[in-house]
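Encoded as structure tokens, the structure appears first; notes follow it.
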Amino acid sequence: MAAEPAEWKSTSCILCSTNCGLQVQVADGHFVKIKGDKTNPRSLGYTCEKAAGLDHYQNHADRVTSPLRRRADGSFEAIDWDTAIREVAAKLGAIRDTHGGSKIFYYGGGGQGNHLGGAYSGATRRALDMRYASNALAQEKTGEFWVERQMFGGRPHPDFENAEVAVFIGKNPWQSHGWERARPALRAIAKDPNRHMIVMDPRRTESADLADVFLQVIPGTDAFVLAAMLKVMLDEGLTNEAFLSERAGDGKELFDVLREVPVADYCGRAGVDEADVRKAARLIGSSESVSVLEDLGIEMAPHSTLNSYLEKLLYVLRGGLGLKGAMNLPTHVGKLIGEGKDNKVSPVGGHKIITGLIPCNAIPEEILTDHPDRFRAMFIESGNPVHSLADSPRMREALDALECVVVIDVAMTETAKHAHYILPAASQYEKVETTFFGGGFPDHTFQLRHPLFPVADGTLTEPEIHSRLCRALGAYTDEDLTVLREAANEGLEKFGMAFLGMMGSRPDLAAILPVVLYETLGRSLDDGFEGAALLWGAAQTLAAEETASVKRAGFDGEGPVLGDAVFRAILAHANGVVVTSDPYDVTLERIGTDDGRIQLVIPELVAELAELADEAPPRLTDDYPFILAAGERRTSTANTIFRSPGWRKKDAEGALRMSPGDAARLGIETGGRVRIRTKRGAAEAVVEVNDTLRDGHITLPNGHGLEYPDADGVRRVHGTPPNELTSAEDRDWLALTPWHKHVRAQLEVIA
Ligand SMILES: Nc1nc2c(c(=O)[nH]1)N[C@H]1C(S)=C(S)[C@@H](COP(=O)(O)OP(=O)(O)OC[C@H]3O[C@@H](n4cnc5c(=O)[nH]c(N)nc54)[C@H](O)[C@@H]3O)O[C@H]1N2
Ligand SMILES: Nc1nc2c(c(=O)[nH]1)N[C@H]1C(S)=C(S)[C@@H](COP(=O)(O)OP(=O)(O)OC[C@H]3O[C@@H](n4cnc5c(=O)[nH]c(N)nc54)[C@H](O)[C@@H]3O)O[C@H]1N2
Ligand code: SF4
Ligand SMILES: [Mo]
């Protein structure tokens with residue numbers, strides 16, 4: 001007889017950055033029922049269809065349930081945890097001692113809903129003296145981060161619930177979300193005659209269907225349209241001069257270049273109607289509030305970083321910061337991105353390191369060389385770079401050239417297959433976890449998910465893995481922690497005092513702070529909550545840095561007492577709790593540039609803007625007559641978080657979409673097969689004829705092409721892995737972000 005279904009428990013979805021609140025029932029190690037959590041302050045009961053499939057994440061045939069060591073022949077053997085920890089510490093410790101810790105490269109640290117585990121890696125990285133890191137953000141968002149840091153010293157956040165004008169550039173929120181309750185918000189804007197939506201995309205997406213102005217650009221030409229829109233705003237007096245003179249720096253150098261923009265010519269190059277471009281500029285320029293969201297469609301395409309700059313100017317010139325419905329600067333619990341000054345470069349290629357991350361596209365060249373500073377080992381956690389980074393064949397070659405690859409993952413991934421050691425993690429529903437994407441405004445909700453299932457046999461949580469590695473590396477002993485452990489048992493206040501004392505006198509322990517918190521405060525928390533210890537530090541930082549915001553959210557106390565209150569609330573509310581609450585104008589105080597003013601001129605990008613005038617129009621050639629967008633978000637995709645192909649009700653193989661015109665020319669119909677060839681590789685796909693595409697534009701979904709065992713245990717690849725087709729060298733000159741939306745391709749029909 002099956003066990004009684006448990007009561008409803010609060011948790012959240014982990015399939016995209018939105019992390020919608022869920023209520024679930026679990027039994028026998030499975031999700032039995034899943035519904036939106038109406039008590040979650042952020043998502044208010046909303047979910048999309050994908051959350052219903054979460055049992056495919058928790059239960060699948062590719063779970064790793066014992067540490068594995070690679071044999072010489074490439075197969076794996078199970079080893080016990082003590083052996084695994086001892087050997088990993090010895091191997092990486094030896095590389096550090098011989099070549100320096102900077103030769104051990106850290107990659108990953110979290111997916112869409114698990115950033116707590118990776119935060120503990122900070123201790124292991126310090127223990128091994130690792131200096132360089134990267135993760136998937138460095139193949140999508142680093143260009144945008146760099147621009148935001150120059151312009152605002154922070155990351156403005158849109159408010160589509162209240163925006164009069166909503167603008168989406170290379171973003172399809174209907175499918176990819178990007179903020180909570182995206183679909184209801186899109187529908188509400190579409191229905192309201194006083195609100196407007198502008199979408200810029202080569203494909204008539206589900207979002208574009210709801211837009212008032214849809215700019216169906218030729219792929220890769222967004223910079224021209226954005227420049228034209230800004231020029232129209234200047235010409236027609238649609239900029240907010242009062243705001244700019246009060247809040248922004250000098251813009252002359254930029255305005256001089258914008259005034260030269262030939263609007264009609266640029267619209268023509270981009271294949272859009274000048275009247276539509278003018279209409280969009282007027283809507284933005286005359287609105288009370290505008291919120292803008294860019295995403296991969298422009299970040300992974302030509303002029304990536306320039307696009308991000310021009311996109312931000314749309315709302316900056318309008319004065320669109322610090323208002324309801326406009327762009328605002330939220331608070332943060334925990335840091336997702338590094339705080340570095342971005343003045344460091346990668347050791348071999350000398351590429352710009354942005355927010356602490358080496359560009360993903362540079363990783364293979366930092367390994368596959370005899371340069372003395374090359375990486376010799378890699379520590380990969382909660383990331384699948386062999387599948388998700390450009391040029392999978394070269395990533396495999398790079399991993400295979402390393403002396404030691406350690407992977408912490410829940411599954412036997414494309415990347416794990418190339419590891420020397422696989423350390424299997426407890427799943428995201430078997431431990432406390434959270435996202436640091438967060439950053440809601442005006443209210444910021446933080447949600448610590450509670451464990452729903454016991455830690456799977458043979459696995460450990462990341463905090464436990466990092467703690468054991470640090471201990472094996474000699475970074476701490478039990479004796480070091482006695483005082484803090486005793487203090488923790490006497491409550492948060494005693495612990496806080498002891499902690500401060502210890503941190504001042506023991507810099508060696510301060511260096512491995514996450515693990516120290518885990519082993520002391522963590523051990524005093526309820527079973528299964530040890531990993532939440534780091535959030536005590538995050539709560540203290542938040543309370544110290546954003547005291548007024550925290551108090552506005554209803555917390556009382558001064559100093560550490562206020563931080564303790566936030567920490568207790570985070571522990572207590574599995575459905576999320578509002579930790580800061582802000583008035584809109586606080587945004588203007590949060591501008592974090594050196595002089596507190598928005599910087600209008602970014603010289604490198606103003607120069608690139610000027611050079612657009614001389615750029616040859618993109619041309620499809622006989623060799624490569626198609627532009628392939630390699631990695632489209634669909635209802636059938638969730639990065640590589642689901643490995644079992646069984647979760648997909650539709651689009652099981654992840655079809656290559658093409659326009660009816662192209663299909664007719666090729667003589668192919670939906671269901672037919674093609675071979676896609678690029679300069680880098682070839683792959684097969686099934687075709688879907690789709691009238692939302694422009695001729696010459698074809699799209700493949702992201703996240704497909706994973707290997708998974710059949711019922712008889714034979715491993716088979718399902719669908720098309722997009723990065724067998726992409727190249728690491730087609731990339732932005734500044735941030736090195738890949739042009740995944742702009743892969744030149746040819747097609748051959750398979751009879
Ligand atoms: N369903 C689902 N949702 C997801 C994910 C998922 O895997 N599945 N992944 C999450 C992650 S990690 C991310 S980063 C986000 C990404 O979210 P999005 O960036 O919204 O997703 P994409 O579909 O990759 O790209 C957005 C749009 O860019 C358009 N595009 C292609 N070329 C161009 C161009 O040259 N110019 C312009 N303007 N647009 C172009 C595409 O047609 C597409 O509609 O989604 C998140 N949400
Ligand atoms: N061609 C092309 N390539 C793309 C994209 C594209 O559009 N086109 N999109 C890119 C984008 S925007 C992104 S964000 C990346 C995403 O690619 P990745 O950063 O590689 O992330 P995910 O696919 O989300 O994989 C996360 C990994 O975490 C593992 N995991 C899940 N839960 C846990 C856990 O609790 N602990 C640990 N240790 N591991 C866990 C999963 O098994 C998986 O291996 O893909 C990128 N790749
Ligand atoms: S996939 Fe994203 S939008 Fe859909 S339920 Fe999960 S977190 Fe929410
Ligand atoms: Mo992403």
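Overview of results
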read-out	value
Selected residue (criterion: nearest to Met300 (Cα to Cα)) from residues of segment 732-751 that are more than 16 Å from ligand 4 (Cβ to nearest atom) and not in a loop (DSSP other than H, G, I, E, B)	Val743
Elements of type helices (runs of 4 or more DSSP H) contained in segment 185-283, each with 3 or more residues being crowded, with 23+ Cβ neighbours inside 10 Å and in contact (Cβ under 8 Å) with a residue 24 or more places away in the chain	222-235, 263-270
Qualifying residue in segment 170-178 (condition: under 28 Å from Leu513 (Cβ atoms), within 16 Å of ligand 2 (Cβ to nearest atom) and among the polar types (S, T, N, Q))	no
Pick from segment 706-731, criterion part of a loop (DSSP other than H, G, I, E, B), of a type in the set (A, V, I, L, M) and surrounded by fewer than 24 Cβ atoms within 10 Å (Cβ to Cβ), ranking: nearest to the chain's Cα centre (by Cα)	Ala728
Residue match in segment 449-459 (condition: within 16 Å of ligand 3 (Cβ to nearest atom), touching a residue at least 60 places away in the same chain (Cβ under 8 Å) and aliphatic (A, V, I, L, M))	yes
Val410, sole failed condition from (1) at pLDDT 95 or above; (2) under 20 Å from Leu734 (Cβ atoms)	(2)
Condition check for Ala638: outside the structural domain of Thr541 (by TED's automatic domain parsing) and not β-branched (Val, Ile, Thr)	yes
Within segment 284-322, considering residues that are assigned to a strand (DSSP E or B) and within 16 Å of ligand 2 (Cβ to nearest atom), the one surrounded by the fewest Cβ atoms within 10 Å (Cβ to Cβ)	Leu293
Positions within segment 155-184 being surrounded by 18 or more Cβ atoms within 10 Å (Cβ to Cβ) and within 12 Å of ligand 3 (Cβ to nearest atom), in sequence order	Pro173, Trp174, Gln175, Ser176, His177, Gly178, Trp179, Glu180, Arg181, Ala182
Identity of the residue in segment 647-678, exposed (fewer than 15 other Cβ atoms within 10 Å of the Cβ) and in contact (Cβ under 8 Å) with a residue 24 or more places away in the chain, that ends up nearest to Ala629 (Cα to Cα)	Arg675
Answer from Asp73, Asp97, Asp28, Asp82 - the residue that is among the acidic types (Asp, Glu), more than 16 Å from ligand 1 (Cβ to nearest atom) and either in contact (Cβ under 8 Å) with a residue 12 or more places away in the chain or under 26 Å from Thr637 (Cβ atoms) (or both)	Asp28
Scope segment 129-184; condition away from ligand 4 (no atom under 15 Å from the Cβ), assigned to a strand (DSSP E or B) and small (Gly, Ala, Ser); matching residues	Ala133, Ala166
Contacts under 9 angstrom Cβ, first residue in segment 526-551 being under 16 Å from Val516 (Cβ atoms) and assigned to a loop (DSSP other than H, G, I, E, B), partner modelled with pLDDT under 95 and of a type in the set (A, V, I, L, M), 6 or more apart	none
Which numbered condition Val579 fails, given (1) under 22 Å from Gly21 (Cα atoms); (2) part of a helix (DSSP H, G or I)	(2)
Qualifying positions in segment 427-441 - in a loop (DSSP other than H, G, I, E, B) and either of a type in the set (Gly, Ala, Ser) or near ligand 2 (Cβ under 9 Å from one of its atoms) (or both)	Ser427, Gln428, Tyr429, Glu430, Lys431, Gly438, Gly439, Gly440
Which numbered condition Tyr46 fails, given (1) within 16 Å of ligand 2 (Cβ to nearest atom); (2) out of contact with any Asp or Glu (no Cβ under 6 Å at 6 or more places or on another chain)	(1)
Elements of type strands (runs of 3 or more DSSP E) contained in segment 1-100, each with 1 or more residues being among the acidic types (Asp, Glu), out of contact with any helix residue (DSSP H, G or I) (no Cβ under 9 Å at 6 or more places or on another chain) and more than 16 Å from ligand 3 (Cβ to nearest atom)	76-78
Residue count, segment 390-407 (criterion: among the acidic types (Asp, Glu) and either modelled with pLDDT under 95 or part of a helix (DSSP H, G or I) (or both))	2
Count of segment 159-184 residues which are within 13 Å of ligand 1 (Cβ to nearest atom) and touching a residue at least 40 places away in the same chain (Cβ under 8 Å)	15
Identity of the residue in segment 10-58, closer than 19 Å to Glu433 by Cα and aromatic (Phe, Trp, Tyr), that ends up farthest from ligand 4 (Cβ to nearest atom)	Phe31
Selection status of Arg680, away from ligand 3 (no atom under 16 Å from the Cβ), out of contact with any Cys (no Cβ under 8 Å at 6 or more places or on another chain) and not hydroxyl-bearing (Ser, Thr, Tyr)	yes
Number of the condition not met by Thr142 [criteria: (1) outside the structural domain of Arg449 (by TED's automatic domain parsing); (2) more than 16 Å from ligand 2 (Cβ to nearest atom); (3) crowded, with 24+ Cβ neighbours inside 10 Å]	(2)
Of all residues making up segment 589-628, the number that are closer than 24 Å to Gly322 by Cβ and either outside any loop (DSSP other than H, G, I, E, B) or not polar (S, T, N, Q) (or both)	13
Matching residues, segment 408-426, being farther than 15 Å from Tyr107 by Cα, assigned to a loop (DSSP other than H, G, I, E, B), out of contact with any Ser or Thr (no Cβ under 8 Å at 6 or more places or on another chain) and among the small types (Gly, Ala, Ser)	none
Only listed residue being buried (at least 24 other Cβ atoms within 10 Å of the Cβ) and modelled with pLDDT of 95 or more, chosen from Cys48, Cys13	Cys13
Filtered residue count, segment 112-135, keeping only those that are within 16 Å of ligand 3 (Cβ to nearest atom) and closer than 29 Å to Asp730 by Cβ	1
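The values are calculated or read from the model by the stated rules, or taken from the named source; none is laboratory data. Since this is a predicted model, take the numbers as computed values, not measurements. Positions of Cβ are generated from backbone atoms using ideal geometry, with glycine treated the same way; all protein chains shown enter the neighbour counts.
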